[in-house]
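The values are calculated or read from the model by the stated rules, or taken from the named source; none is laboratory data. Quantities reported herein were computed from a predicted structural model and do not represent experimental measurements. Neighbour counts are summed over all protein chains in view; Cβ atoms, including those assigned to glycine, are modelled from backbone coordinates with ideal geometry.
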Amino acid sequence: MNDTFLIITTIAKQDHPIILQYCRESAEHNVSFIIIADSRSPKDFKLEGCDYYSIERQQNLSFKLAGLLPYNNYARKNLGYLIALSGGACKIIETDDDNLPLTNFWSDRTKRIDAHLLINRDWVNIYRYFTKANIWPRGFPLENIQDKLPELEKLVSVECPIQQGLADENPDVDAIYRLILPLPVIFDKSDNIALGKNSICPFNSQNTTWFREAFQLLYLPSTCSFRMTDIWRSFIAQRIAWTCGWSILFHQSTVLQRRNEHNLMTDFRDEISGYKNNAQIANCLKNIDLEEGIENIGTNMVLCYRKLIEKGFLGANELTLLNGWLEDFNLVTNKQI
């Protein structure tokens, strides 16, 4: 797993058991391990084998985005992506400090992979291909939960530079599910599913692999709810992936979530913007006239974010943050050419 970086943001101490496991196993698999701190993170964090970026260290970074990102915001993880890119990353794996890596988490990832490909199927509840439980991923529109699941055709080879792994035991579901339906859930070891053009399902930042071609799409927005930042990023990434001829891969669980303590009613309040707007955001993005081709990813990101700002889904300041990201990304990329 050379040139692979693992990125986590945390406020935990260095003796957190899952962080210790990631640190130990990253070293065993030759993976560079980066932790991005926030205002509430410990200032005395020291862990051999972990490249820890405190707030003070982040403030000394040369990235324009470092001076723009708000504090106490999950989107500070954007700095970790830029650091990995500066370090020569070809793959970035991101997860959280409550996802315990299973043995297969460390298996090598390939961009081209066999999967059941779904095209022109609109909303697809990926979780239902991996379990008979009545379950849906965080960010899936409530109005589409009862939709019929598309039938699968034979496996084909698909190019997927963005790959989402599932999480066993306490998977990434919304607060409504957690309040009314049972957990844990252990997913079946089913075949890969790939979503192509005009097929969509939210994916998160909890167990996700990004290949170099798709790094620009890693950008997490700051002017939306913490519970929506990775979800709305996923909608934008999927829309732009269609212009590149890419599919989004969903594969069997490679982590087991031991969820940190959450107030479910707080989560519910933070997800209301999603319950109201997830379907509308995806439809809005679908109707934007984008340019075809990988070379237009940056331009297409600006078009997507500008439209979401115009519609009131994101704050006006988001465009300043995005432009900072694109400027940093281009500077880092050009230095490596």
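Observations
- Looking at 114, 108, 96, just one residue is in contact with a Ser or Thr (Cβ under 7 Å, 6 or more places away or on another chain) and touching a residue at least 60 places away in the same chain (Cβ under 8 Å), and that residue is 114.
- The criterion of at least 1 residues that are within 24 Å of residue 212 (Cβ to Cβ) and hydroxyl-bearing (Ser, Thr, Tyr) is met, among helices (runs of 4 or more DSSP H) falling completely within segment 1-113, by 17-28, 77-86.
- Residue in segment 249-259 that is surrounded by fewer than 19 Cβ atoms within 10 Å (Cβ to Cβ), free of Cβ contacts under 8 Å to residues at least 40 places away in the same chain, out of contact with any strand residue (DSSP E or B) (no Cβ under 8 Å at 6 or more places or on another chain) and not hydrophobic (A, V, I, L, M, F, W, C) present: no
- Segment 282-337, residues that are in a loop (DSSP other than H, G, I, E, B) and of a type outside the set (A, V, I, L, M, F, W, C): 287, 289, 291, 292, 293, 311, 312, 315, 317, 336
- Among (1) crowded, with 20+ Cβ neighbours inside 10 Å; (2) modelled with pLDDT of 95 or more; (3) in contact with a helix residue (DSSP H, G or I) (Cβ under 8 Å, 6 or more places away or on another chain) - the single one residue 98 does not satisfy: (2)
Residue-wise test of (1) outside any helix (DSSP H, G or I); (2) in contact with a helix residue (DSSP H, G or I) (Cβ under 7 Å, 6 or more places away or on another chain); (3) in contact (Cβ under 8 Å) with a residue 60 or more places away in the chain; (4) more than 23 Å from residue 90 (Cβ to Cβ).
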| residue | (1), (2), (3), (4) |
| --- | --- |
| 210 | yes, yes, yes, no |
| 225 | yes, yes, no, yes |
| 265 | no, no, yes, yes |
| 275 | no, yes, yes, yes |
| 280 | no, no, no, yes |
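- Test result for residue 233, outside any loop (DSSP other than H, G, I, E, B) and either surrounded by fewer than 23 Cβ atoms within 10 Å (Cβ to Cβ) or at pLDDT below 95 (or both): yes
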